[in-house]
1. Does A87 satisfy the condition of being touching a Lys or Arg at 6+ places or on another chain (Cβ under 9 Å) and not aromatic (F, W, Y)?
2. Specify the residue that is nearest to A84 (Cα to Cα); the eligible residues are those in segment 129-145 that are open to solvent by 20 Å² or more (accessible area, probe 1.4 Å) and among the small types (G, A, S).
3. For V227, indicate whether it is farther than 13 Å from T199 by Cα, buried (at least 17 other Cβ atoms within 10 Å of the Cβ) and either among the small types (G, A, S) or at pLDDT 95 or above (or both).
4. Take the conditions farther than 30 Å from P24 by Cβ and either open to solvent by less than 50 Å² (accessible area, probe 1.4 Å) or assigned to a helix (DSSP H, G or I) (or both) and apply them to D156. Does it pass?
5. Which of the residues spanning segment 27-59 are modelled with pLDDT of 95 or more and surrounded by fewer than 13 Cβ atoms within 10 Å (Cβ to Cβ)?
6. Go through segment 77-95 and give me each residue that's more than 25 Å from R180 (Cβ to Cβ) and either open to solvent by less than 40 Å² (accessible area, probe 1.4 Å) or of a type in the set (A, V, I, L, M, F, W, C) (or both).
7. Which residues, taken from segment 127-151, are assigned to a loop (DSSP other than H, G, I, E, B) and of a type outside the set (S, T, N, Q)?
Amino acid sequence: MKAVFDTKPTSIYDDVVSQHYQFPKRYIRAVEQTIGDWIVLRRPRADGGNLAYFATARVIAVEPDSKSPGMSYARLADYFPFDAPVAWFENARYAEEALRNIPQGQVGVFLRGRSVRPLTELDFAALLSAGLRETLNPNNALRLGLDQAVIADAADALHVGPAQERSWRIEKVLTNRIIRDASFRRAVCDAYDDRCAVTRLRIINGGGRSEVQAAHIWPVAHGGPDVVQNGIALSATVHWLFDRHLISLSDDYRLLVSHNKVPSEFRALFAQHGEKIHLPPVRRDWPHPSFLAKHREAFSS
């Protein structure tokens with residue numbers, strides 16, 4: 001069963017939305033029905049009243065919280081943030097069928113105690129279509145390195161075919177590494193204004209594509225999520241050094257360089273050891289310390 005999970009930055013619950021969602025026992029039956037299926041995460045109250053859906057993820061397990069009796073965790077995988085938040089109410093229409101069937105003045109009352117609620121397949125597809133609008137926009141194909149055929153197939157999966165077949169095809173879209181990398185690249189490169197965090201160079205080629213690349217700090221292969229806080233914009237050479245842990249970052253975003261392994265010719269291309277890197281203007285987009293710590297574990301000093 002697909003569902004909506006409500007969460008917010010100021011929640012009293014232990015939510016790390018790219019990894020797990022904590023909930024009280026009154027939701028256990030509803031959450032257990034989502035195991036193996038996809039959910040959409042919604043902010044009920046945040047950012048000055050920005051009520052919106054912001055990501056999707058797959059529920060892979062439900063486990064009791066050993067530290068808090070009466071609480072459980074929904075373990076999440078394949079977390080996929082939307083290109084931009086999707087409004088829950090637009091053009092006089094709610095995004096969820098359950099809300100559309102209730103008089104507008106009573107929606108708030110209905111939602112009390114319903115932080116987990118079912119979501120229809122059609123509404124799920126519509127939310128994905130809106131949430132991935134920029135990634136799947138054919139006009140962005142060159143910039144994001146996506147083939148037009150991949151975009152067309154993904155768009156068809158969201159809009160065409162019998163419900164059961166469409167559900168299977170949508171899952172293929174959400175787990176497609178090419179599409180996920182394109183979405184991640186868009187988010188990271190936009191956050192850094194297409195500027196390498198280490199060299200500070202901003203180069204756009206004749207086709208409008210940035211020469212900078214989006215590097216994962218904690219690799220996806222090792223469990224790292226596709227979130228902007230787990231990314232950093234780097235030029236190709238710097239990306240190569242970063243992926244091989246020949247350079248890294250301190251918790252205060254200063255460059256660490258393996259002087260014994262990085263040739264002096266390379267070191268002349270970028271910021272000096274101990275110098276602070278270029279960071280996004282929005283602080284919530286900065287690399288998260290927990291991801292940096294994982295990268296430093298393999299750093300060669």
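The values are calculated or read from the model by the stated rules, or taken from the named source; none is laboratory data. Note that this is a predicted model, so its numbers are computed, not measured. Counting neighbours? That spans all protein chains shown, and the Cβs are built from the backbone with ideal geometry, glycine included. Accessible surface areas use protein heavy atoms only, side chains included; no ligands, DNA or RNA. Shrake-Rupley method; radii C 1.70, N 1.55, O 1.52, S 1.80 Å.
1. In short, no.
2. A130
3. Here the answer is yes, as V227 does meet what is asked.
4. yes
5. R29, G36, listed by residue number.
6. F89, A92, Y94
7. L132, R133, E134, L136, G145, L146, D147
Residue-wise test of (1) in contact with a helix residue (DSSP H, G or I) (Cβ under 6 Å, 6 or more places away or on another chain); (2) under 25 Å from P225 (Cα atoms); (3) aliphatic (A, V, I, L, M).
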site: R75; (1), (2), (3): no, yes, no
site: E90; (1), (2), (3): no, no, no
site: G105; (1), (2), (3): no, no, no
site: F110; (1), (2), (3): no, no, no
site: T135; (1), (2), (3): yes, yes, no
site: A141; (1), (2), (3): yes, yes, yes
site: L158; (1), (2), (3): yes, yes, yes
site: K172; (1), (2), (3): no, yes, no
site: A191; (1), (2), (3): yes, yes, yes
